[in-house]
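In what follows, a single structure is set out as structure tokens and then discussed.
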Amino acid sequence: MAKQPADPLRSKLLDLTEEIADRTATLRDFATTPGNAWLAKGELQVLQGLLSDMETLLEDIKQADYEIGY
């Protein structure tokens, strides 16, 4: 059976999820270290942007799935 080509949207989703997981761990580390709350807040702002990107990406995936009949 021939291998299906990689779905670029889902590949991007996997990359984005990994980045979100890494940033979440960094936020946790900053937030649990006294004096680093300001760094945690910066990570939170980055995470908010990444989550917004993920929401858009999920809409793109939903639309692409709809176009191929899912």
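Would region 6-24 turn up any residue that is open to solvent by less than 80 Å² (accessible area, probe 1.4 Å) and not in a helix (DSSP H, G or I)? Spell out the reasoning first.
The first filter runs over region 6-24 and keeps only residues open to solvent by less than 80 Å² (accessible area, probe 1.4 Å), leaving 7, 9, 11, 13, 16-17, 19-21, 23-24.
Now restrict to residues that are not in a helix (DSSP H, G or I): 7.
Scanning region 6-24, I find at least one residue that is open to solvent by less than 80 Å² (accessible area, probe 1.4 Å) and not in a helix (DSSP H, G or I), so the answer is yes.
Taking the criterion of being modelled with pLDDT under 95, of a type outside the set (S, T, N, Q) and at positive phi, would at least one residue in region 31-43 satisfy it? Even if it seems obvious, please write down each step before you answer.
Just the residues of region 31-43 that are modelled with pLDDT under 95, to begin with: none.
Looking through region 31-43, none of the residues is modelled with pLDDT under 95, of a type outside the set (S, T, N, Q) and at positive phi.
The values are calculated or read from the model by the stated rules, or taken from the named source; none is laboratory data. These numbers come from a predicted model, not from an experiment. For accessibility, only protein heavy atoms count, side chains too; no ligands or nucleic acids. Shrake-Rupley method; radii C 1.70, N 1.55, O 1.52, S 1.80 Å.
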